[in-house]
Amino acid sequence: MSAEGLLTDSSGNTGSGTMLGMPGLPAPVLAERRKTRQIKVGNVGVGSEYPISVQSMTTTVTADVNATLQQIAELTASGCDIVRVACPSQDDADALPAIAKKSQIPVIADIHFQPKYVFAAIEAGCAGVRVNPGNIKKFDDKIKEIAQAAKDHGTPIRIGVNAGSLDPRVLARHGKATPEALVESALLEAELFAEHDFHDIKISVKHHDPVVMVRAYELLAERCDYPLHLGVTEAGPAFQGTIKSATAFGALLSRGIGDTIRVSLSAPPVEEVKVGIQILESLNLRPRRLEIVSCPSCGRAQVDVYKLADEVTAGLSGMEVPLRVAVMGCVVNGPGEAREADLGVASGNGKGQIFVKGEVIKTVPEHKIVETLIEEAMRIAEDMESGGEAGAPQVTVS
């Protein structure tokens with residue numbers, strides 16, 4: 001059987017074959033989700049029974065409430081599900097109640113060094129708290145109190161282990177941040193919380209090396225049933241960080257490992273969200289929206305495919321309906337790809353054949369390709385939103 005025939009849908013059922021345009025529902029996925037405990041971060045469920053959520057982190061000074069809320073609003077508009085804010089000072093802690101109350105998505109407080117800020121975040125009504133046991137002073141001595149406070153307020157906790165701030169005791173035993181060391185540190189803390197009957201936990205074991213990171217999560221998935229927050233920490237600038245994150249997340253998510261993700265980029269937070277959403281859509285772990293299928297161009301191309309694809313992408317920016325648009329530049333793969341998409345063009349000889357749902361509806365001059373594709377996309381979207389047949393072709397003769 002082909003690899004395609006081995007796909008499973010989101011319920012774990014096998015399926016084969018492809019459908020025109022976007023995958024049908026339930027969309028095929030590569031593996032069933034790993035079964036986990038379920039927790040709630042505000043109104044967002046995290047665990048195997050819930051969709052995989054996308055997170056990011058604000059870059060503002062948290063104490064600047066207006067600036068922080070403005071950035072949270074931008075992240076919310078981009079599709080972010082959960083947002084994390086840094087809390088390194090008392091001024092930041094004092095700002096948490098207003099931010100947690102006014103944010104439209106759940107706010108997690110990110111705590112390092114001082115355990116008092118953990119209690120402040122819980123009291124402030126944050127939807128969750130991230131703690132890094134490796135660099136919080138006398139953290140283990142406070143776990144009983146933290147567990148009780150979190151339990152009283154219904155606040156979940158993420159145990160966030162990082163390669164750069166590993167528990168000194170664990171680091172001394174392993175010599176460096178190996179996958180085994182990351183997992184040992186995380187589970188040590190989880191077990192201490194469990195001793196106080198606190199289990200509303202999710203865990204991350206982040207590393208800047210995707211290979212080490214993937215192995216750490218594999219080991220962690222074998223040894224516990226807590227939901228897992230995936231991340232390649234300090235992944236780098238946008239291009240490098242996107243590649244590293246997509247590689248690592250793909251390796252894990254394709255095997256059902258991972259319940260919430262954060263792409264860490266040296267770039268504006270909204271870019272992290274865009275990349276995270278695209279990774280999930282590519283694996284059919286989130287319903288797909290607009291998808292542009294375009295050729296890489298070659299000596300056979302008779303149009304400027306790069307320019308054409310960019311202009312179509314810009315013209316359809318913000319479209320929410322699931323639509324696959326093929327922008328092709330030659331007669332070799334062009335007609336086939338355009339025919340398999342919801343909407344497409346096969347270009348050549350100064351003109352383009354426009355396909356809708358597998359049928360050629362018209363042929364237009366090259367200078368009208370972008371305009372025509374955008375018009376047809378809008379028509380298809382309108383049909384879909386009104387509940388009509390999605391994109392029924394309307395053939396015209398030109």
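Here are the numbers for the structure shown:
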| item | result |
| --- | --- |
| Spin-label zone in the range 262-290 - amide nitrogen under 17 Å from a point set 7 Å from the Cα of residue 70 along the C-beta vector | 268-270 |
| Per residue convex hull volume, Cα atoms of the range 44-133, in Å³ | 90 |
| Rounded to 10°, Cα long-axis angle of helix 210-223 versus longest principal axis of the chain | 60 |
| Alpha-carbon Rg with Dmax, taken over the range 98-226, Å | 14.5, 45 |
| The chain: angle of helix 305-315 to the longest principal axis, Cα-based, in degrees nearest 10 | 70 |
| Cα-projected label distance for residue 98 with residue 383, points at 7 Å along beta-carbon direction, nm | 5.1 |
| Length gained when the stretch residue 266-residue 141 is fully extended (0.36 nm per residue, less Cα-Cα span) | 41.5 nm |
| Per-residue HN-Hα couplings for the range 52-67 [Karplus 6.51, -1.76, 1.60; θ = phi - 60°; Hz; x = Gly/Pro] | 5, 9, 10, 10, 8, 9, 5, 10, 6, 6, 4, 4, 7, 4, 5, 5 |
| Solvent accessible area, Å² - residue 306, 1.4 Å probe, full protein context | 140 |
| Projected label distance in nm at residue 349 and residue 243, using a 7 Å step from Cα toward the beta-carbon | 4.0 |
| Folded to 0 to 90 degrees: helix 179-194 orientation relative to the chain principal axis, Cα | 60 |
| Residue-normalised accessible area of the chain, given per residue in Å² at a 1.4 Å probe | 45 |
| Cα-Cα separations in the range 186-247 greater than 20 Å, expressed as whole percent | 34 |
| Gyration tensor verdict on the range 290-383 (Cα atoms; rounded if a/c is under 1.5, prolate if a/b is larger than b/c, oblate otherwise) | prolate |
| Rg/Rh for the range 229-377, where both radii come from Cα atoms and Rh is the Kirkwood radius | 1.05 |
| Entries of 40/202; 40/151; 35/244 with Cα pairs more than 18 Å apart | 35/244 |
| Cα-centre dipole for the chain with unit charges at Cβ (Lys and Arg positive, Asp and Glu negative), debye to 20 | 600 |
| Histogram of C-alpha separations across the chain, 20 Å bin width, % | 25, 49, 22, 3 |
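The values are calculated or read from the model by the stated rules, or taken from the named source; none is laboratory data. These numbers come from a predicted model, not from an experiment. Cβ sites come from the backbone with ideal geometry, for glycine too, and all protein chains shown count toward neighbours. What goes into the accessible areas is simple: the full protein's heavy atoms, side chains included, and nothing from ligands, DNA or RNA. Shrake-Rupley method; radii C 1.70, N 1.55, O 1.52, S 1.80 Å.
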